[in-house]
């Protein structure tokens, strides 16, 4: 135990000495296969390993911070690059909250090879982020790439990691549920209705606002079933920055109480509302 | 006894007032030491336009505005127009951006800070009274002591050159005595290290 602690202390010291401006995180890129057939899709993920005690940011960073973003450098003909952000955690400090990640985070992203793909292709990207803890913020940037050879897919040891990561990112369920937003003076009443009878019970009742400046990031959004009605409701405060009337809201919702979804049907979901007219 | 009760009640209301930094309302009072150890109060600047700028020289968003010369230039321009510019550090001891007063004076000089004063709000009282959230976070108080701007320095952390100059547009309006177009907006930056 003692040696374990000592090793940990040593690790921390080393980190402090050598990692002045590295953004307190390391980034690499994994692929389900080192090969891909022409015209077929390839599942990959950007992996970020964040130093203990630090966090990076979600698409809506919260009260401060900066969204983790990526710029692609793809060979001609390759399509894709919609980075999927896993559900964030909330880190609050006083009345402020950050929405983001600690530890290891995987951002799945899928590409499609061009129909005439042959030989090898190098996919490149620049990842930019901000890492903060209670005491400091440090920016990070990394250039990463992967080489893909033309040929039938052969699953790598990372395929399972990517598949797990995909199970933790929100699934668009706007064809099953309808999100409605009623704006009041200082609050918002959010309602979710199933759109058809085959829709299963909504287990993803804990929500995070992907749209910034609508709901304060410190506010917990918890949907409860409306008694005797087939709907779920949550009343939340309105962001102090929502000065004009609210036009759109995107939420990601998770089943409460667990890190990893227990079942496939518990996968996080995303729902969007847009003001009509 | 009666006067003690009065004082206590006034104190309690004072505290409440201090927590209500709100656009269109009198700006919360403050009394903080500058880097030379002199006490600076809101009431020292009656009849002047005042800018409050929250700083943390270690924060990458702040660094960008100092290394590009943007903030020093704004400070120089507007103090030249009789505006009082207060740069405030609310970083607690041991956190990023914290320096003792002597070191802060040195760093401010290195960074070419041209503010009227740099205030040492190490215990965060002033920051919390104004609800300063990030660095940089900008506030403007008009000649009547009313808070008229609470927001970002500009609209885009990536490219100050093309960003909407939210803060300086607001300050120009305040100096001209016209209405501020966007008095409350969300500032970007690093959380204040209270």
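The values are calculated or read from the model by the stated rules, or taken from the named source; none is laboratory data. Remember, it's a predicted structure, so these values are computed and weren't measured experimentally. Here the Cβ positions follow ideal geometry from the backbone for every residue, glycine too, while neighbour counts run over all protein chains shown.
Summary of computed values
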{"read-out": "Residue within the stretch B:90-98 that is free of Cβ contacts under 8 Å to residues at least 40 places away in the same chain and either in contact with a strand residue (DSSP E or B) (Cβ under 8 Å, 6 or more places away or on another chain) or crowded, with 18+ Cβ neighbours inside 10 Å (or both) present", "value": "no"}
{"read-out": "Checklist (1) within 22 Å of residue B:135 (Cβ to Cβ); (2) out of contact with any helix residue (DSSP H, G or I) (no Cβ under 9 Å at 6 or more places or on another chain) applied to residue A:130, failing item", "value": "(2)"}
{"read-out": "Some residue of the stretch A:265-274 being away from every other protein chain (no Cβ under 14 Å), surrounded by fewer than 17 Cβ atoms within 10 Å (Cβ to Cβ), within 30 Å of residue A:162 (Cβ to Cβ) and at pLDDT 95 or above", "value": "yes"}
{"read-out": "Criterion violated by residue A:247 - all others in (1) surrounded by fewer than 17 Cβ atoms within 10 Å (Cβ to Cβ); (2) at positive phi satisfied", "value": "(2)"}
{"read-out": "Residue within the stretch A:153-168 that is assigned to a strand (DSSP E or B) and either at pLDDT 95 or above or in contact with a strand residue (DSSP E or B) (Cβ under 9 Å, 6 or more places away or on another chain) (or both) present", "value": "no"}
{"read-out": "Residue in the stretch B:129-142 that is farther than 30 Å from residue B:95 by Cα and assigned to a loop (DSSP other than H, G, I, E, B) present", "value": "yes"}
{"read-out": "Residues (surrounded by 20 or more Cβ atoms within 10 Å (Cβ to Cβ) and farther than 25 Å from residue B:142 by Cα) located in the stretch B:32-55", "value": "none"}
{"read-out": "Looking only at the stretch B:144-166, and only at residues there that are touching a strand residue (DSSP E or B) at 6+ places or on another chain (Cβ under 9 Å) and in contact (Cβ under 8 Å) with a residue 40 or more places away in the chain, the one that is nearest to the other protein chains (Cβ to nearest Cβ)", "value": "B:157"}
{"read-out": "Qualifying positions in the stretch B:171-191 - part of a loop (DSSP other than H, G, I, E, B) and either surrounded by fewer than 24 Cβ atoms within 10 Å (Cβ to Cβ) or within 8 Å of chain A (Cβ to nearest Cβ) (or both)", "value": "B:177, B:178, B:179, B:180, B:181, B:182, B:183, B:185, B:186, B:188"}
{"read-out": "Long-range neighbours under 8 Å by Cβ, at least six apart or interchain, first residue more than 10 Å from chain A (Cβ to nearest Cβ) within the stretch B:124-136, second part of a helix (DSSP H, G or I)", "value": "B:129/B:18; B:132/B:126; B:136/B:61; B:136/B:62; B:136/B:65; B:136/B:71"}
{"read-out": "Filtered residue count, the stretch A:83-138, keeping only those that are in a strand (DSSP E or B), away from chain B (no Cβ under 14 Å), under 14 Å from the mean Cα position of the chain (by Cα) and surrounded by 15 or more Cβ atoms within 10 Å (Cβ to Cβ)", "value": "7"}
{"read-out": "Residues of the stretch B:61-109 satisfying the condition of being part of a helix (DSSP H, G or I) and more than 25 Å from residue B:164 (Cβ to Cβ)", "value": "B:101, B:102, B:103, B:104, B:105, B:106, B:107, B:108, B:109"}
{"read-out": "Residue A:152 being surrounded by fewer than 20 Cβ atoms within 10 Å (Cβ to Cβ) and touching a helix residue (DSSP H, G or I) at 6+ places or on another chain (Cβ under 9 Å)", "value": "no"}
